[in-house]
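The values are calculated or read from the model by the stated rules, or taken from the named source; none is laboratory data. Source: prediction; values computed, not measured. Don't worry about glycine lacking a Cβ; one is built from the backbone with ideal geometry, like all the others, and counts go over all protein chains shown. SASA here: full protein model, heavy atoms, side chains in, ligands and nucleic acids out. Shrake-Rupley method; radii C 1.70, N 1.55, O 1.52, S 1.80 Å.
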Amino acid sequence: MPDDLAIHARGVTRVYKAKPERVTALGGVDLDVAPGEYFGLLGPNGAGKTTLIKILTTLLIPTAGTAMVAGFDVVTETAKIRRVINMVSGGEQSGYGLLTAREQLWMFSQFYGLPNREGWRKVDELIEITGLTEQKDQKVRTLSTGQRQKLNFARGMLNDPWVLFLDEPTLGLDVAAARDLREHTLAWKAAAPGRTLLLTTHYMVEAEQLCDRIAIVDRGMILALGTPEELRRRVQAESIFRIELDRLPQNGGLAALTDLPGVLSAVSADDDGTDAAGSDRVALKVALADDSALTSVVTAVSERGSHLVGLAKSEPSLEDVFVELVGRGFGEEDGKDDLS
Amino acid sequence: MNRYASTTATNAREAAEWSTGRIIRSNLRAVIGRAYPRVIGLTREPSWLFFEIFLPFLAVSAFVFVYRALEAPEAYVGFVVLGGAMTAFWLNVVWMMAAQFYWEKDQGNLELYFTAPMHLMSILAGMAIGGLVMTSSRALAVIGIGSLLFGVTYDIQQPFLLAGVFLLTMVPLYGMGMLFASLFLLWGREAFHLAQLLQEPIYFLGGVNFPLRALGPVAGVVMATLPLGVGLDAMRQLVFADSGVAGVLPVGTEVLILAVMGVVFIVAARLALGYLETLARREGRLTLRWQ
Amino acid sequence: MAVTGRAASVRGMTLADAWRTFRTAIKLGWAIESNWSDPFLFAVYTMAKPLAAAGILVVMFQVITGGQNPEFLQFLIVGSALWNIVFGVMSGLVQSILEDRERYRMIKYVVVTPTSLFPFLLGRSLARVAVSFVAVVLTMVVGVLFLGVDLQPNLLYLVPATVLGVTAVIALGVFMAGWCLSLRQEAWSYPEAIAGALYLVSGAIFPIDILPTILHPIAYLSPTTWWLEASRRGLLGHGSPGAIGGLSDEVVMLILLVSTAVVIPVALAAFAWFMRRARRAGLLDMITGS
């Protein structure tokens with residue numbers, strides 16, 4: 001039932017009356033996110049991710065279709081939705097420069113109706129959680145980009161949202177700051193189960209680390225939807241391992257491995273030019289129908305006099321998935337206006 | 001309860017159901033919250049005392065000297081001083097309320113306001129109240145210093161009525177500001193021009209520097225539309241009872257007009273804000289900058 | 001093209017560079033100013049504001065004198081008309097710099113280019129200054145057609161007076177722009193405040209003699225005072241009431257020239273100082289806001 005879902009969208013369309021021609025930012029998006037789920041929207045700039053978030057956070061009305069958040073309609077029940085959501089965007093400079101970090105958060109706590117004392121308590125708690133204790137009395141305009149984004153994140157937590165929207169939250173942050181933010185998000189997940197997250201990003205690592213399910217979005221459409229593992233399976237159904245041995249297996253060599261149940265192929269990694277010339281080691285690329293076949297391969301290798309030196313699983317990235325679905329990478333945009 | 005928690009609700013739908021009392025309390029808190037940066041800003045950057053108090057006082061003084069050059073009766077000097085004081089509130093309405101949503105959109109704060117549960121009128125009220133410290137200081141400075149320097153004498157025979165007229169003028173004035181806030185959001189990049197348009201023309205139509213009666217039939221238009229003009233005319237009659245310069249209408253009638261204006265503008269503001277929010281959401285203007 | 005060590009060294013900014021920056025900034029300023037969502041509204045704003053400002057003075061005059069003393073009315077209208085330039089220049093320069101810092105957030109990118117901020121600022125604000133000239137013309141036309149202003153233009157006197165006066169006002173605007181850039185508070189309304197204060201001490205709408213004696217030195221030191229006086233002589237054929245009106249045309253022009261010559265380097269030096277201060281305090285990409 002749509003009422004039981006955290007997010008429900010059917011045929012959500014958004015057309016902008018841009019010049020010289022209209023831009024369809026969303027072309028009929030269907031989406032269901034269960035309560036407690038962390039859901040990611042992965043796609044390049046201009047894919048429509050932010051447009052969808054704006055619709056779900058009641059900033060934008062869809063041109064067509066319906067959308068509900070926490071069982072409330074985004075067009076007609078905005079007041080109720082706003083009581084249970086919050087939003088954190090990346091790369092923004094919002095805020096009042098002359099307020100301290102602590103004051104800024106308190107001000108927003110009042111916008112969410114927190115009683116004064118409760119507001120200050122919550123503010124101090126979130127400042128500690130996000131690691132801004134040293135900066136709490138610094139004016140917002142003096143904070144670094146990473147600190148401001150932590151502050152934004154803390155603001156996003158003020159009302160203990162049931163649905164949190166993170167719109168490219170780590171945009172423009174350095175590696176450490178981005179990692180911190182992801183850790184805060186995971187900590188929130190652990191501390192507050194049952195809360196839902198919708199994350200938009202074009203960083204694959206972020207989507208894989210945070211999200212239970214991911215939708216790959218491009219040009220206003222969802223191209224694929226599933227867990228990270230399911231999405232990778234679309235590109236590469238088999239499990240591919242790179243196995244490094246001290247020498248080639250005796251008594252049949254690679255052919256003996258290929259005959260093992262569950263092994264689809266076994267080739268020298270040299271055949272695809274991935275092995276360094278002149279090495280004493282032998283590298284094999286083994287394709288398995290299932291990860292469970294790996295045990296028999298390792299056993300067979302050992303029985304044929306070779307020793308395992310290294311083992312690594314080779315998996316397609318989500319960009320590989322995207323390329324497979326769309327035919328171009330995340331960086332190969334075609335210059336469409338980004339109205340998201 | 002985990003460290004993030006601030007609710008005892010067990011699900012989102014339950015958390016979204018707020019009682020009327022809670023809605024009212026939340027909106028009042030939002031008023032205080034939004035007023036806070038305005039008030040605290042005054043203590044952190046004291047240059048406003050020079051730019052917002054002293055210099056505007058000098059501008060008001062210029063009109064006093066025009067009357068002195070024209071050898072006008074001293075009552076007119078009092079008119080200018082009182083008018084100058086009231087313009088402080090009008091400027092607060094225009095710049096601190098009407099144009100504010102446009103500036104907030106530029107800074108990226110507007111979308112945060114729209115996604116929060118409080119009503120926009122609470123935010124506007126907070127802005128207005130926060131600006132009142134500066135505004136009231138400016139008004140008092142103009143009246144106080146102006147009266148001392150230019151020897152203005154007052155003949156206030158009904159002080160409570162005067163206070164009532166002043167407060168009654170503020171209601172439609174700020175209601176008008178809220179109405180303009182939604183119009184500014186609609187008209188986007190013309191906000192600066194609109195704000196400029198709402199200064200000298202309003203001073204002219206409102207009789208800020210001269211008795212409104214001098215406008216002749218135009219004064220009637222003012223009576224119907226401009227709370228600043230109506231309020232100022234009533235206050236002048238009460239503050240300078242012996243000036244010999246008549247108002248457009250008796251004070252009682254003008255009080256009634258202000259009361260009706262108050263209701264009209266507040267209701268219109270609420271309706272306009274709701275309608276224009278929907279329009280802005282439909283056309284995607286809430287987050288479109290430099291529009 | 002080979003890059004020699006000498007060619008690779010950075011050369012200083014030439015006049016040609018400054019002119020290119022100025023021209024480009026004019027185009028930018030015009031693109032921003034002419035980005036009207038409603039040209040009709042813009043036209044209304046352009047006309048209503050200066051006419052209302054003059055109208056206030058006209059009504060004040062009529063209420064007290066009943067239309068007697070037309071010379072004083074002419075004095076008022078010319079002063080009110082020309083004051084649009086002061087306001088236009090002040091707000092144009094200050095708003096440009098604040099907009100580029102806080103709305104468009106581009107000023108830091110201009111500062112790090114080899115070009116100077118000064119020609120950029122001048123060019124950027126020229127569109128707004130040009131609009132203020134429209135206001136002057138409009139007010140004068142209404143004054144001539146409906147209020148009995150008797151124009152006796154002396155272009156030989158008026159043109160140099162206008163050039164010097166506007167140059168002086170631009171210098172004051174540059175000073176203000178630098179000052180506002182170095183403030184941490186919202187400064188959008190400050191140009192109006194400064195223009196309003198100058199209104200008091202420049203003989204714009206009343207003779208300087210009416211001012212308290214203690215303010216006379218400020219009035220006589222301000223180049224706007226001499227510009228207004230020279231412009232009145234160039235437009236109306238006679239000077240203002242009071243002591244200043246008794247000076248000869250040559251003396252008035254000379255004082256205008258000297259005061260302009262003094263204010264220009266002072267304003268430029270002050271602007272440079274404010275810029276250094278803003279850089280030292282990290283204000284070039286600051287966002288105020290309350």
- Query: About the Cα centre of the protein assembly as shown, what is the dipole size in debye to 20, counting +1 per Lys and Arg Cβ and -1 per Asp and Glu Cβ, all else neutral?
  - Reply: 1580 debye
- What are the ³J(HN,Hα) values, in whole Hz, obtained from phi via the Karplus relation 6.51 cos²θ - 1.76 cosθ + 1.60 with θ = phi - 60°, for each residue of the range A:241-252 in sequence order, with x given for Gly and Pro? 10, 9, 10, 10, 10, 6, 6, 5, x, 7, 6, x
- Item | For the range A:195-205, 3J(HN,Hα) per residue [Karplus equation, 6.51 cos²θ - 1.76 cosθ + 1.60, θ = phi - 60°, Hz, x = Gly/Pro] | 8, 10, 10, 10, 10, 10, 6, 10, 9, 4, 4
- Rel. contact order, % - alpha carbon contacts under 8 angstrom, at least six apart, the range A:1-55: 33 percent
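Using a 10 Å cut-off on Cβ to Cβ distances, tally the other chain neighbours for every residue of C:195-206 and report the average as a whole number. The partial results should precede the final answer.
Values: counts 2, 8, 10, 4, 6, 10, 3, 1, 0, 2, 5, 9.
So the per-residue partner count for this stretch is 5.
What is the sum of charges, Lys and Arg at +1 and Asp and Glu at -1, for the other residues whose Cβ falls under 13 Å from the Cβ of B:T153? Mind dumping the intermediate values first?
Numbers: positive: none; negative: B:E74, B:D155, B:D242.
The answer is -3.
With both bridge residues required to lie in the protein assembly as shown, what share of the DSSP beta bridges run antiparallel, to the nearest 5%? Intermediate values should be presented prior to the final figure.
On the way: 39 of 59 bridges.
In the protein assembly as shown, approximately 65 percent of DSSP beta bridges are antiparallel ones.
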- Under a straight-distance cross-link criterion of Cα-Cα below 17 Å, which lysines are reachable from A:K189, leaving out those fewer than 8 residues away in the same chain? A:K150
- For the range B:158-168, in order, what is each residue's ³J(HN,Hα) by Karplus, 6.51 cos²θ - 1.76 cosθ + 1.60 with θ = phi - 60°, in whole Hz (x at glycine and Pro)? 9, x, 5, 5, 4, 4, x, 4, 4, 5, 5
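Report, as a whole number in µm² per second, the diffusion coefficient that Stokes-Einstein gives for the range A:59-182 at 20 °C and 1.002 mPa s using the Kirkwood radius over alpha carbon pairs. Show your work: numbers first, answer last.
Values: Rh = 15.3 Å.
Answer from the Stokes-Einstein relation: 140 µm²/s.
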- Report the one residue of C:G245, C:Y109, C:T65 whose Cα lies farthest in the direction of the positive end of the charge dipole of the range C:15-281 (charges on C-beta: Lys and Arg +1, Asp and Glu -1; origin at the Cα centre). C:Y109
- Would you please give the residues with an amide H less than 5 Å from that of A:Y38, counting only those at least 5 places away or on a separate chain, with H modeled from the backbone geometry? A:L197, A:D212, A:R213
- Task: Could I have the simple spin-label model distance between A:A187 and A:T258, label points 7 Å from Cα toward Cβ, reported in nm to one decimal?
- Result: 5.4 nm
- Would you mind telling me the share, in percent, of accessible area of the protein assembly as shown contributed by carbon and sulfur at probe 1.4 angstrom? 62 percent
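Report the calculated FRET efficiency for C:R277 and C:R23 (r = Cβ-Cβ distance, R0 = 30 Å), to the nearest 0.05.
Working: r = 29 Å, r/R0 = 0.96.
Efficiency, rounded to the nearest 0.05: 0.55.
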- Considering every Cα-Cα pair within the range A:152-261, what fraction, in whole percent, is farther apart than 21 Å? 54 percent
- Item | Residue-averaged beta-carbon neighbours from other chains (10 angstrom radius) around B:198-211 | 5
- FRET E, pair B:V264, A:D290, Förster distance 56 Å, beta-carbon r, rounded to 0.05: 0.15
- Query: Taking H as built 1.01 Å from N, whose amide H comes closer than 5 Å to the amide H of A:S314, not counting residues under 5 places away?
  - Reply: A:I240, A:F241, A:R242
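Among the listed pairs A:K17/A:K122; A:K139/C:K27; A:K49/C:K108; A:K19/A:K80, which have their C-alpha atoms separated by more than 32 angstrom in this model?
Details: A:K17/A:K122 42 Å; A:K139/C:K27 37 Å; A:K49/C:K108 30 Å; A:K19/A:K80 35 Å.
In this structure, A:K17/A:K122; A:K139/C:K27; A:K19/A:K80 lie more than 32 Å apart at Cα.
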- For all pairs of alpha-carbon atoms in the range A:239-315, what percent lies in each bin of width 10 Å, listed from the first bin to the last filled one? 21, 60, 19, 0
- Item | Accessible area buried at the C-B interface, both sides summed, 1.4 Å probe (Å², nearest 100) | 4500 Å²
- Message: Placing one identical point scatterer on every Cα of the range A:2-233 and ignoring solvent, what is log10 I(q)/I(0) from the Debye formula at q = 0.08, 0.09, 0.16, 0.18 Å⁻¹?
- Response: -0.29, -0.37, -1.14, -1.38
- Note on the structure: accessible surface per residue for the protein assembly as shown, probe 1.4 Å, DNA/RNA/ligands not counted, whole Å² -> 40 Å²
- Message: Let me make sure I get this right: for chain B, a, b and c are the square roots of the gyration tensor eigenvalues over alpha carbons, sorted descending. Under 1.5 in a/c it's rounded, otherwise prolate if a/b > b/c, else oblate. Which is it?
- Response: prolate
- Query: Hey, any idea what Rg/Rh is for the protein assembly as shown, computing Rh the Kirkwood way over Cα pairs?
  - Reply: 1.08
- Message: Can you compute the label reach from A:D30? Point 7 Å from Cα along the Cβ direction, backbone N cut-off under 13 Å, restricted to the range A:56-76.
- Response: A:66
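Report, as an integer, the average count of C-beta atoms from other chains found within 10 Å of each Cβ along B:69-75. The partial results should precede the final answer.
Values: counts 13, 11, 3, 5, 1, 0, 0.
Mean partner shielding for this stretch: 5.
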- Within chain A, what's the longest run with no GluC sites (Glu not before Pro) in a DSSP loop and at most 12 other beta-carbon atoms within 10 Å? Give the range, please. A:22-331
- Mind listing the long-range amide H neighbours of A:Q138? Cut-off is under 5 Å, sequence gap 5 or more, other chains count too, H placed in the peptide plane at 1.01 Å from N. A:A101, A:R102
- Among A:L56, A:L294, A:L199, the residue with the largest mean-square fluctuation in a Gaussian network model of chain A built from Cα contacts under 10 Å is A:L294
- Query: What is the range C:15-281 by shape, rounded, prolate or oblate, if you read a ≥ b ≥ c off the alpha carbon gyration tensor as root eigenvalues and call it rounded for a/c under 1.5, prolate for a/b larger than b/c, and oblate otherwise?
  - Reply: prolate
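What's the ranking of C:159-169, A:45-55 by average number of surrounding C-beta atoms within 10 Å, highest first?
Details: C:159-169: 20.0, A:45-55: 25.5.
With the highest mean Cβ count within 10 Å placed first, the list reads A:45-55, C:159-169.
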- So what's the back-of-envelope 222 nm ellipticity for the protein assembly as shown, counting only DSSP H runs of four-plus at -39500 (n - 2.57) apiece and dividing by all residues, rounded to 500? -18500 deg cm²/dmol
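Name the shape class, rounded, prolate or oblate, that the alpha-carbon gyration tensor gives for the range A:174-327, where a ≥ b ≥ c are the square roots of its eigenvalues, rounded holds for a/c under 1.5, and otherwise prolate holds if a/b is larger than b/c and oblate otherwise.
Values: a/c = 2.41, a/b = 2.12, b/c = 1.14.
Judged from the Cα gyration tensor, the range A:174-327 comes out prolate (a/c at least 1.5, a/b above b/c).
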